[in-house]
Amino acid sequence: MSPNGSDRSPRRPMRRKLLQALTAGLVLATATGCTYKDFPRLGMPTPVTEEAPRILSLWQGSWAAALATGVLVWGLILWSAFFHRRSRTKVEVPPQTRYNMPLEALYTVVPIIIVSVLFYFTARDESKLLALSDKPAHTINVVGFQWSWGFNYVENVPGSTGNAATDENLDAIPQKFKDDFPANAGGVYDVGIPGDQNPQTKNPGPTLWLPKGEKVRFVLTSRDVIHSFWVVPFLMKQDVIPGHTNTFEVTPNQEGTFLGKCAELCGVDHSRMLFNVKVVSPERYKQHLEELAEKGQTGYIPAGIEQTTHEKNREVKTT
């Protein structure tokens with residue numbers, strides 16, 4: 001009988017709460033709309049580029065390491081709680097242990113090893129993902145500005161004359177990237193506003209076109225503040241920084257229209273900085289560039305803020 005005269009055991013409310021918590025967890029796990037095919041990706045969307053599986057593998061490995069660490073820690077906590085709990089018949093203070101050097105060394109060294117392993121795989125994959133080819137098949141200058149996106153297609157397009165390497169609108173791009181531009185690339189552009197919509201999907205924002213199966217280099221520049229270029233199923237994003245040029249390359253391997261957005265809080269209308277990425281066949285991609293030229297969208301829009309002095313000094317000097 002409990003101290004207040006009731007026969008109800010004080011453990012029953014705790015068991016009831018535990019059962020309610022487990023039920024709520026089961027409901028949350030089954031009400032997310034995920035299928036069994038989605039669980040191996042652990043929340044990541046289906047990759048649509050040749051590079052994205054590397055990111056997915058790193059994500060899965062990180063979760064596996066975190067789960068293994070969690071199981072070990074939870075196991076030690078439960079073991080300590082159950083096997084070292086106070087006896088009901090003995091109330092004396094148990095023997096105290098201090099300065100257990102092997103144990104202290106263990107919980108110092110093990111976290112260092114875990115962090116080192118995660119760092120190694122992250123650095124390895126990052127170096128692969130940010131590596132640039134000598135001559136990419138296509139180069140697109142992505143221009144971020146409040147509150148939309150512009151796309152400079154650095155290509156030789158019929159009906160467009162000029163030279164991207166000397167165009168003053170692209171002065172913000174460092175020379176080392178201009179050296180990889182196609183010769184005498186007049187180029188075409190597309191520029192959006194927040195109110196734009198993709199005509200097929202009705203998703204908001206301008207649409208960036210990419211060719212399937214061909215490597216594309218993105219050169220990221222900003223006109224005002226820091227933005228972030230994120231195509232969701234690419235499984236990666238990169239900052240678009242004024243005075244600093246970032247680049248990366250992808251090879252789309254699945255046709256379709258995918259969502260993109262700014263992933264950096266850039267001001268009052270940040271949530272409207274949306275765009276679409278439409279992956280099509282190389283023939284349809286070339287046709288789209290010719291359509292832009294026919295509309296008069298030849299040349300390039302201003303890329304943004306020129307590189308700051310310290311960024312210029314970082315560049316490798318060539319002779």
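The values are calculated or read from the model by the stated rules, or taken from the named source; none is laboratory data. Keep in mind it's a predicted model, so treat the numbers as computed, not measured. Neighbour counts are summed over all protein chains in view; Cβ atoms, including those assigned to glycine, are modelled from backbone coordinates with ideal geometry. Calculation scope for accessible area: heavy atoms of the full protein, side chains included, ligands and nucleic acids excluded. Shrake-Rupley method; radii C 1.70, N 1.55, O 1.52, S 1.80 Å.
What to note about this one:
- Cβ-Cβ contacts under 8 Å between residues 6 or more apart (or on different chains), taken from a first residue in the stretch 150-163 that is closer than 8 Å to residue 188 by Cβ to a second residue that is among the charged types (D, E, K, R), are listed as 153/190; 157/290.
- Residue in the stretch 273-283 that is closer than 24 Å to residue 181 by Cβ and open to solvent by 60 Å² or more (accessible area, probe 1.4 Å) present: yes
- For the stretch 237-259, filtering for residues that are in a strand (DSSP E or B), touching a residue at least 60 places away in the same chain (Cβ under 8 Å) and under 23 Å from residue 222 (Cα atoms) leaves 7.
- Residue count for the stretch 245-304 satisfying the condition of being on the phi > 0 side of the Ramachandran plot and charged (D, E, K, R): 0.
- Residue 272 passes every criterion in (1) in contact with a strand residue (DSSP E or B) (Cβ under 8 Å, 6 or more places away or on another chain); (2) at pLDDT 95 or above apart from (2).
- Subset tally (residues that are open to solvent by 60 Å² or more (accessible area, probe 1.4 Å) and on the phi > 0 side of the Ramachandran plot) for the stretch 193-220: 1
- Qualifying residue in the stretch 131-140 (condition: surrounded by fewer than 10 Cβ atoms within 10 Å (Cβ to Cβ) and over 26 Å from residue 261 (Cβ atoms)): yes
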